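This report concerns only the one structure given below.
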Amino acid sequence: MKACIETTASAPPLPGAEETRAIPRLLQGVDRQERVGEIVASLEESARNHLVVYMEERMEKMLSIGASDMDLGGEGCAHRIWYRVAGRKVADMEGPVLSFEDGDLLIHSLLTEKQQGHLLSERNVDFSYTLELDGVRHRLRADAYFDLGHLALNMRLIPGGIRPLQELGFHFRAMERFNIQREKRGLVLVTGITGSGKSSTLDSIVDANNRIADSHVTIIASPIETIHEPRRCIIRHREVGRDVRSFKEGTVQALRQDPDIVVIGEMRDPDTIMTALEITDSGHKVFSTLHTSSAAESVDRIIGEVPAVEQERVRLRLGDVLSCVVSQKLVPVIGGGRVLAKEVLVVTSSVRAAIKNNNIGEVYQMIMESRDDGMITLEQDLHRLVGVGRIRPEVARDFANNKRRMEALLNG
């Protein structure tokens, strides 16, 4: 596999390909995809199964080469299937060459009628998929979307096992903030860019509570990635779009279901943020994620997402309910693979005062000086990884948020 495009023979025709290519060129975008969906729906069961099996063979290849993601369809993939292996996107030069119409057919074949409707109305749909292979269930998170009128798809393999929380290297003071037995209420955020392992860290936290606490956990996500087997907890899995209409509605409904812990897959809009703060303030433990790269940025993001007239009230409420922020990255290690590097903010009385007084600029210094309270900056954790021989100094420099501080630590 190489990260470049070459020309090879086209794949054999797929079921429905002839009908799809016969769609008039004047029919574009959503109208064209609506027609493709009708063609897929009209296929005989064996023909549609052929499309699904074709896709599942590509998913099997993900497993065999250790890929985390697969992409296909649309202009951007240049007729190839791409995989992310060890953090790098590479095109499968030994695989089939897919026309735009082939990509449209294959993506539609994975969608239910309701998911197709959402895709056509919103130009995007998130969904989950389960691959049965040799008696083992492998779950994937998928996102289908438009790319210059045709469909594109990303599928991400959800790690099969849940890593024990103790293996993630958190200080015991931070671990106390994750533990429902030690802290009954409070908001815990796990943040990072897409692909930084946020969902995996949340799964480890849920699993840890599931093993020690007699509680009720409600998970609201889009899509549901990991199915947690109830051990000592009741665990409800509510997928947005299938079990509940939105994150906000799922969160509000959870209050009437007697939960102890509410997991909100992502705080992606002001309504969900406000609702999360309200249910935390009412005495619940809430875990959620944000797409931010540092603890201080996470605080600013929450406040900045709400209207200006609400920001002071949200700032004060956030100061009251925020318990811990974990901002993380997956960093390439020497010899291959990736390792978790993290920044941890444990909200002490001093941090709480800084948030309420709008002194967010002081938070980084507080983290840097508060190791005994379970805190660590990303740069300190990267420096630790360099010190134990897991990563190279140049990698630490590349992944640091505070380049000047990183350089000072490396120069000692």
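Of the residues Ser99, Ser109, Ser128, which is in contact with a helix residue (DSSP H, G or I) (Cβ under 7 Å, 6 or more places away or on another chain) and polar (S, T, N, Q)? Working first, answer last.
On the way: Ser99 fails: in contact with a helix residue (DSSP H, G or I) (Cβ under 7 Å, 6 or more places away or on another chain); Ser128 fails: in contact with a helix residue (DSSP H, G or I) (Cβ under 7 Å, 6 or more places away or on another chain).
After applying the criteria, what remains is Ser109.
Any chance you could count how many residues in segment 371-403 are small (Gly, Ala, Ser) and touching a Lys or Arg at 6+ places or on another chain (Cβ under 9 Å)?
Initial filter on segment 371-403 (small (Gly, Ala, Ser)): 374, 387, 389, 396, 400.
Now narrow it down to the ones that are touching a Lys or Arg at 6+ places or on another chain (Cβ under 9 Å): 374.
So the count comes out to 1.
Scan (1) acidic (Asp, Glu); (2) under 18 Å from the mean Cα position of the chain (by Cα); (3) buried (at least 18 other Cβ atoms within 10 Å of the Cβ) for the single condition Glu305 breaks and write down its number.
With respect to (1) acidic (Asp, Glu); (2) under 18 Å from the mean Cα position of the chain (by Cα); (3) buried (at least 18 other Cβ atoms within 10 Å of the Cβ), Glu305 is out only on (2).
Go through Ser298, Ser288, Ser293 for me and flag whichever is outside the structural domain of Leu111 (by TED's automatic domain parsing) and in a loop (DSSP other than H, G, I, E, B). If you could, list the steps in order and put the result at the bottom.
Values: Ser298 fails: in a loop (DSSP other than H, G, I, E, B); Ser288 fails: in a loop (DSSP other than H, G, I, E, B).
Matching residue, one of Ser298, Ser288, Ser293: Ser293.
For Ser200, only one of the following conditions fails: (1) on the phi > 0 side of the Ramachandran plot; (2) crowded, with 19+ Cβ neighbours inside 10 Å. What is its number?
All conditions are met except number (1).
Filter segment 258-292 down to the residues that are in contact with a strand residue (DSSP E or B) (Cβ under 6 Å, 6 or more places away or on another chain) and of a type in the set (Ser, Thr, Tyr) and list them by number.
Thr280, Ser288, Thr289, Thr292
Output the number of the condition that Arg245 fails; it satisfies all remaining conditions of (1) closer than 17 Å to Arg177 by Cα; (2) charged (D, E, K, R); (3) without any contact (Cβ under 8 Å) to a residue 60 or more places away in the chain.
The number of the failed condition is (1).
For every residue, the table says whether it meets (1) in the same structural domain as Arg182 (by TED's automatic domain parsing); (2) surrounded by fewer than 19 Cβ atoms within 10 Å (Cβ to Cβ); (3) among the small types (Gly, Ala, Ser).
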{"position": "Glu310", "(1), (2), (3)": "yes, yes, no"}
{"position": "Val326", "(1), (2), (3)": "yes, no, no"}
{"position": "Val331", "(1), (2), (3)": "yes, no, no"}
{"position": "Leu340", "(1), (2), (3)": "yes, no, no"}
{"position": "Leu345", "(1), (2), (3)": "yes, no, no"}
{"position": "Ala354", "(1), (2), (3)": "yes, no, yes"}
{"position": "Asn359", "(1), (2), (3)": "yes, yes, no"}
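Looking at Ala208, is it touching a Pro at 6+ places or on another chain (Cβ under 9 Å) and more than 23 Å from Asp126 (Cα to Cα)?
Numbers: touching a Pro at 6+ places or on another chain (Cβ under 9 Å): yes; more than 23 Å from Asp126 (Cα to Cα): yes.
Taking the combined requirement at face value, the residue satisfies it.
Using the structure shown, decide if Gly265 is buried (at least 16 other Cβ atoms within 10 Å of the Cβ), modelled with pLDDT under 95 and among the small types (Gly, Ala, Ser). Working first, answer last.
On the way: buried (at least 16 other Cβ atoms within 10 Å of the Cβ): yes; modelled with pLDDT under 95: yes; among the small types (Gly, Ala, Ser): yes.
Considered against the rule, which asks whether it is buried (at least 16 other Cβ atoms within 10 Å of the Cβ), modelled with pLDDT under 95 and among the small types (Gly, Ala, Ser), Gly265 comes out as yes.
Would you point out the residue of segment 20-79, among those that are of a type in the set (Gly, Ala, Ser) and within 30 Å of Ser200 (Cβ to Cβ), that is surrounded by the most Cβ atoms within 10 Å (Cβ to Cβ)?
Gly73
Based on this model, can you work out whether Thr280 counts as farther than 19 Å from Ser215 by Cα, crowded, with 22+ Cβ neighbours inside 10 Å and not hydrophobic (A, V, I, L, M, F, W, C)? Please lay out each step first, then the result.
On the way: farther than 19 Å from Ser215 by Cα: no; crowded, with 22+ Cβ neighbours inside 10 Å: yes; not hydrophobic (A, V, I, L, M, F, W, C): yes.
No; evaluated as a whole, the condition is false for this residue.
The values are calculated or read from the model by the stated rules, or taken from the named source; none is laboratory data. Please read all numbers here as calculations on a predicted model, not as lab measurements. Every residue, glycine among them, receives a Cβ derived from its backbone with ideal geometry; neighbour counts consider all protein chains shown.
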